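Structure, as structure tokens:
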Amino acid sequence: SIGWDKAIEQMNLTPIGVCADPGNFPHSLTLYELPEQIYEEPVNLLLMVNGSPDRNGELRRYGETVPANIRTPLAAAAWQYEVPEDVYAQLVRRT
């Protein structure tokens with residue numbers, strides 16, 4: 001495993017959006033557009049911090065793909081939870 005920072009650097013990705021994660025203060029959500037050659041269809045990558053620590057207390061950063069037509073990190077997080085963007089924006093805490 002090379003880690004997200006190195007993977008993003010190697011793919012030469014720049015964020016298409018960054019915002020505070022309303023359900024996971026003080027962390028942020030970052031959305032990247034992935035190069036087309038990575039998957040058979042265009043997708044974006046949402047990078048976030050886990051809402052619950054691992055057993056060792058570490059908070060992991062992880063990424064998940066979202067449809068390419070999602071253009072903001074807040075909309076991407078809402079899509080993952082299958083809730084409207086305005087509902088996700090009002091979360092107090094996610095796990």
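The values are calculated or read from the model by the stated rules, or taken from the named source; none is laboratory data. Computed from a predicted structure; not experimentally measured. In this analysis, Cβ positions are derived from the backbone assuming ideal geometry, glycine residues included, and neighbour counts consider all displayed protein chains. Just the protein is used for accessible areas: all its heavy atoms, side chains included, with ligands, DNA and RNA removed. Shrake-Rupley method; radii C 1.70, N 1.55, O 1.52, S 1.80 Å.
Summary table below
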{"quantity": "Asp54 paired with Asp5, simple spin-label distance in nm, labels 7 Å along Cα-to-beta-carbon", "calculated": "1.6 nm"}
{"quantity": "Solvent-accessible area of Glu36 with every protein chain in place, 1.4 Å probe, in Å² to the nearest 10", "calculated": "140 Å²"}
{"quantity": "Three-way shape label, the chain, alpha-carbon gyration tensor, a/c 1.5", "calculated": "oblate"}
{"quantity": "Region 1-40 and region 44-79: distance between their alpha carbon centers, rounded to Å", "calculated": "9 Å"}
{"quantity": "Highest-fluctuation residue, Pro67, Pro42, Pro53 considered, GNM on the chain with Cα pairs under 10 Å", "calculated": "Pro53"}
{"quantity": "Prolate/oblate/rounded call for region 43-85, Cα gyration tensor, a/c under 1.5 rounded", "calculated": "prolate"}
{"quantity": "For region 16-95, accessible area per residue (1.4 Å probe, heavy atoms of protein chains only), Å²", "calculated": "62 Å²"}
{"quantity": "Coil-residue trypsin sites (Lys or Arg not before Pro) of the chain, DSSP, other Cβ within 10 Å capped at 14", "calculated": "Arg55, Arg60, Arg71, Arg93"}
